[in-house]
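Trainee: Encoded as structure tokens, here's the structure I'll be asking about.
The values are calculated or read from the model by the stated rules, or taken from the named source; none is laboratory data. Since the structure is predicted, the reported quantities are computational estimates derived from the model, not experimental observations. Cβ placement follows ideal geometry from the backbone for every residue including glycine, while neighbour counts extend to all protein chains displayed.
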Amino acid sequence: MSTSSVKLPDQPPTASLAVTLGRLKLKNPVMVASGTFGFGSEYADLVDLNRLGAIVVKAVTLKPRVGNPMPRMVETAAGCLNAIGLQNPGLDAFLTEKLPYLRQFDCPVIVNIAADRAEEFSALAERLSEAEGVAALEMNISCPNQATGGIEFGVDPKMTEMVVKSVRGKTDLPLIVKLSPNVTDITVIARAAVSGGADILSLVNTFVGTAINAKTRKFRLANRTGGLSGPAIKPLALYMVWRVANAVPVPIIGMGGIMTATDAIEFLLAGAGAVAIGTANFVNPTASLQAIDGIREYLQEYGFHSVTEIIGKVSS
């Protein structure tokens with residue numbers, strides 16, 4: 001019998017992975033988190049950057065920073081502690097050396113900005129808004145506010161609203177505010193960020209922790225404390241994403257211990273419109289691509305036509 005007369009069964013259409021976070025449109029909901037992927041070029045030989053939903057670059061400050069003294073990273077039982085100290089070449093070098101390289105890829109570039117004063121945040125936002133190739137800004141409000149004796153912007157709702165409002169007045173770019181988990185009630189800070197003008201919230205940043213060497217009786221980090229990330233924080237991060245998703249009307253980027261596609265799917269079900277993969281990049285550079293493929297396979301398996309159909313759909 002001629003094979004031309006055989007009718008093949010209809011194949012289900014490929015599920016759409018496209019998501020929209022306010023004005024930010026992504027081809028898929030998987031991005032790489034700030035501080036874990038450098039400025040993109042560090043991973044370009046291992047990861048097809050064109051496939052990513054977005055790249056969130058390492059934090060950029062107005063002036064170059066050398067970061068904290070060594071040692072500044074410690075592996076833990078289920079993740080790692082880091083106290084890098086925002087090491088980066090500064091805004092001028094980013095604009096002239098790092099950003100031009102990223103423009104060649106079909107992938108939105110989100111610039112994470114960090115500062116110790118509100119006016120520095122505003123200056124960063126103003127200059128980056130004039131640069132070609134910047135899709136959005138992500139504010140790292142876990143920085144110490146020098147004007148208030150070193151209290152983090154992101155632990156006080158009044159300071160959160162103030163610093164977000166100062167940046168909102170300097171940029172028309174989509175504004176993402178990255179929330180610290182080191183607070184009593186993260187929904188209070190989330191509402192303050194939205195009140196200040198945040199278009200999108202990303203959460204969570206790292207949890208403060210420490211490590212001690214019992215043999216030497218010394219801290220393992222030169223800075224004594226660092227930010228805990230990795231699988232250890234996933235249940236906490238997932239809870240906070242769910243809480244915030246039900247407390248504010250803006251889209252959320254979920255992160256914290258996402259190592260696999262299943263982890264990413266859980267964050268989407270909890271209410272995140274997109275996810276960012278961080279520590280996993282250190283142990284599996286292709287984790288982001290595997291997550292993209294895994295989400296697509298999940299949607300196909302369960303008969304969903306679009307990833308948007310599962311966002312916030314967790315039930316009792």
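Trainee: Scan the range 80-94 for residues that are surrounded by fewer than 19 Cβ atoms within 10 Å (Cβ to Cβ) and among the aliphatic types (A, V, I, L, M) and jot them down.
Mentor: Residues of the range 80-94 surrounded by fewer than 19 Cβ atoms within 10 Å (Cβ to Cβ): 84-85, 87, 89-90, 92-93.
Ile84, Ala93 - these are the residues of the range 80-94 that are surrounded by fewer than 19 Cβ atoms within 10 Å (Cβ to Cβ) and among the aliphatic types (A, V, I, L, M).
Trainee: Could I ask something else about it? Between Thr260, Thr225, which is within 27 Å of Asp48 (Cα to Cα) and among the hydroxyl-bearing types (Ser, Thr, Tyr)? I'd like the intermediate steps shown before the answer.
Mentor: Working: Thr225 fails: within 27 Å of Asp48 (Cα to Cα).
The unique qualifying residue is Thr260.
Trainee: Please enumerate the residues belonging to the range 111-133 that are among the aliphatic types (A, V, I, L, M) and outside any loop (DSSP other than H, G, I, E, B). It would help to see each step written out before you state the result.
Mentor: Step one: list which residues in the range 111-133 are among the aliphatic types (A, V, I, L, M), which gives 111, 113-115, 118, 123-125, 128, 131.
Matches in the range 111-133: Val111, Ile113, Ala118, Ala123, Leu124, Ala125, Leu128.
Trainee: Inspect all residues belonging to the range 291-299 and state whether any of them is under 26 Å from Asp199 (Cβ atoms), among the aliphatic types (A, V, I, L, M) and assigned to a loop (DSSP other than H, G, I, E, B).
Mentor: Looking through the range 291-299, none of the residues is under 26 Å from Asp199 (Cβ atoms), among the aliphatic types (A, V, I, L, M) and assigned to a loop (DSSP other than H, G, I, E, B).
Trainee: Let me ask another. Within the range 209-259, count every residue that is surrounded by fewer than 20 Cβ atoms within 10 Å (Cβ to Cβ), among the charged types (D, E, K, R) and under 28 Å from Gly22 (Cβ atoms).
Mentor: Summing the residues that are surrounded by fewer than 20 Cβ atoms within 10 Å (Cβ to Cβ), among the charged types (D, E, K, R) and under 28 Å from Gly22 (Cβ atoms) in the range 209-259 gives 1.
Trainee: Please find, within the range 38-49, the residue that is surrounded by the most Cβ atoms within 10 Å (Cβ to Cβ) out of those that are closer than 17 Å to Pro100 by Cβ and not aromatic (Phe, Trp, Tyr). Walk me through how you get there before you give the answer.
Mentor: Our first condition is that a residue be closer than 17 Å to Pro100 by Cβ; within the range 38-49, this holds for 38-42, 44, 49.
Next cut, not aromatic (Phe, Trp, Tyr) only: 38, 40-42, 44, 49.
Values: Gly38: 17, Gly40: 23, Ser41: 13, Glu42: 13, Ala44: 15, Leu49: 19.
Within the range 38-49, the match that is surrounded by the most Cβ atoms within 10 Å (Cβ to Cβ) is Gly40.
Trainee: When the residues of the range 273-316 are narrowed to those that are of a type in the set (Asp, Glu) and closer than 15 Å to Ala261 by Cα, which ends up surrounded by the fewest Cβ atoms within 10 Å (Cβ to Cβ)?
Mentor: Taking the range 273-316 as the starting set, the residues that turn out to be of a type in the set (Asp, Glu) are 293, 297, 301, 309.
Of the ones still in play, those that are also closer than 15 Å to Ala261 by Cα are 293, 297, 301.
Values: Asp293: 14, Glu297: 12, Glu301: 10.
Selected residue: Glu301.
Trainee: Limited to the range 213-265, what total is found for residues that are under 20 Å from Ala83 (Cβ atoms), in contact (Cβ under 8 Å) with a residue 12 or more places away in the chain and assigned to a loop (DSSP other than H, G, I, E, B)?
Mentor: Total meeting the criteria: 9.
Trainee: Residue under question is Thr171, and the condition is that it be among the hydroxyl-bearing types (Ser, Thr, Tyr) and either crowded, with 19+ Cβ neighbours inside 10 Å or touching a Leu at 6+ places or on another chain (Cβ under 8 Å) (or both); does it hold?
Mentor: Working: among the hydroxyl-bearing types (Ser, Thr, Tyr): yes; either crowded, with 19+ Cβ neighbours inside 10 Å or touching a Leu at 6+ places or on another chain (Cβ under 8 Å) (or both): yes.
Here the answer is yes, as Thr171 does meet what is asked.
Trainee: Give Leu8, Leu62, Leu46 a once-over and let me know the one that is in a loop (DSSP other than H, G, I, E, B) and either modelled with pLDDT under 95 or in contact with a His (Cβ under 6 Å, 6 or more places away or on another chain) (or both). Outline the logic, then answer.
Mentor: On the way: Leu62 fails: either modelled with pLDDT under 95 or in contact with a His (Cβ under 6 Å, 6 or more places away or on another chain) (or both); Leu46 fails: either modelled with pLDDT under 95 or in contact with a His (Cβ under 6 Å, 6 or more places away or on another chain) (or both).
So the residue among Leu8, Leu62, Leu46 that is in a loop (DSSP other than H, G, I, E, B) and either modelled with pLDDT under 95 or in contact with a His (Cβ under 6 Å, 6 or more places away or on another chain) (or both) is Leu8.
Trainee: Hey, could you check the range 124-154 for residues that are touching a residue at least 60 places away in the same chain (Cβ under 8 Å) and among the polar types (S, T, N, Q) and say which is nearest to Ile189 (Cα to Cα)?
Mentor: Ranking the candidates gives Ser142 first.
Trainee: For Gly150, are the conditions met, namely being out of contact with any Phe, Trp or Tyr (no Cβ under 7 Å at 6 or more places or on another chain), under 22 Å from Gly85 (Cα atoms) and surrounded by fewer than 17 Cβ atoms within 10 Å (Cβ to Cβ)? So that I can check it myself, show each step before the final result.
Mentor: On the way: out of contact with any Phe, Trp or Tyr (no Cβ under 7 Å at 6 or more places or on another chain): yes; under 22 Å from Gly85 (Cα atoms): yes; surrounded by fewer than 17 Cβ atoms within 10 Å (Cβ to Cβ): yes.
Answer is yes for this residue.
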